Amino acid sequence: MKFRNTRISYDARPQANLLLVAAAISVVLWFIPFAEILTYPFRIFVTFIHEGGHAIAAVLTGNSVASLSVAANASGETYTTQGGLLSQMFVSSAGYVGSMAYGAMLLILIRRSITARAVLIGSAAIVFALTMIYGVFKPVVSGGVWSGIPFTLMAGTLLTVGLIAVAKFASARVASFFVSFLAVQLVLNALLDLKTVFFLSSPFAPAVPTDAMNMANATGIPAIFWAVGWVTLSLGILWLAMRGYGAGRKQKSLPGMTLDDPMGAFSIPELPSIQSTKSRTTDSTPISR
């Protein structure tokens, strides 16, 4: 069965509808007073992924991480040793771009039949590892910034428990919606943060420490250049993810009714044509946000 008027394949429609609902709810919450209380845990999760991107990029480029902290206002800082120019560029870029990439990865995973529970457990493991290794252990051992440990530990622990609880006790439908909402929050918050960095990178904006300013200090290239580059790269990642999200999956043609939809909907294979009788097999430098 083909739908020539849309680029979304038939088997992608249930997940696409779920994603649209999650996106619509996220946008509606922007206009409801005090609704940020509901999205606050997701905002903290995005900060963990952002700062985790800096930390992982530092490790991959041979640097060490002194500390990673998340604040109550959803800001964060990651202190790393200062490597070469390419290393600094990679580490500074890994925050915003990493958040967008992680959100895009969630979209692809739930589209490619990875169960929502597995995605939630994996995300919980990442948050817990970032919390214990870089939020608690490294600051204590290396003498890093201790002031951020209490809230980082509390927030990381609560997020870990919450993600595991949803994975364990929620129905498959609720877990799938939760992952979709999480992916939407990652993508939207990454774009909103990049918009903020773009305006703060203006020559007329007040001097505020940002990843773009770190890049400008390291390279001598204006911060606005890096902000525009990150926005462009993030939009490219999102575009590729949405193309993969809407593409069809290769499936074997099985007789009867199948349960291919993770939302629990039934799909019925197309009947063969009447004319055909044959079956078809087809530095410590702070990295802040």
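Every number in this text was worked out from the coordinates using simple rules, so none of it is lab data. Here the structure is a predicted model, which is why all the values come from computation and not from measurement. Reconstructed Cβ throughout: ideal geometry from the backbone, glycine too, with neighbour counts over all protein chains shown.
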(Q) Sort ARG173, ARG112 by Cβ crowding within 10 Å, fewest neighbours at the top. (A) ARG112, ARG173
Q: Give, in nm to one decimal, the length gained when the segment between ALA207 and LEU158 is fully stretched (0.36 nm per residue of separation minus the Cα-Cα distance).
A: 14.2 nm
**Q.** Burial ordering of GLU36, GLU77, GLU51, fewest other beta-carbon atoms within 10 Å first
**A.** GLU36, GLU77, GLU51
Q.
Beyond 16 Å, how much of the Cα-Cα pair distribution for segment 63-177 remains, as a whole percent?
A. 66
Q. So how much slack lies between GLN82 and LEU240, counting 0.36 nm per residue of separation and subtracting their Cα-Cα distance, in nm?
A. 53.7 nm
Q: Just grab the label-to-label distance for ALA165 and MET105, each label 7 Å out from Cα along the Cβ direction, in nm (one decimal).
A: 2.6
Q: Residues in segment 88-115, backbone N under 19 Å from the label point at ALA35 (7 Å along the Cα-to-beta-carbon vector): list them, ranges by number please.
A: none
**Q.** Distant-in-sequence amide H partners of VAL208 (H built 1.01 Å from N, under 5 Å)
**A.** none
(Q) With 10 angstrom as the radius, rank VAL174, VAL231, VAL141, VAL70 by how many other C-beta atoms surround their C-beta, starting from the fewest. (A) VAL141, VAL174, VAL231, VAL70
Q | Stretchable slack from ILE121 to VAL228, in nm (0.36 nm times residue separation minus alpha-carbon distance) | A | 35.1 nm
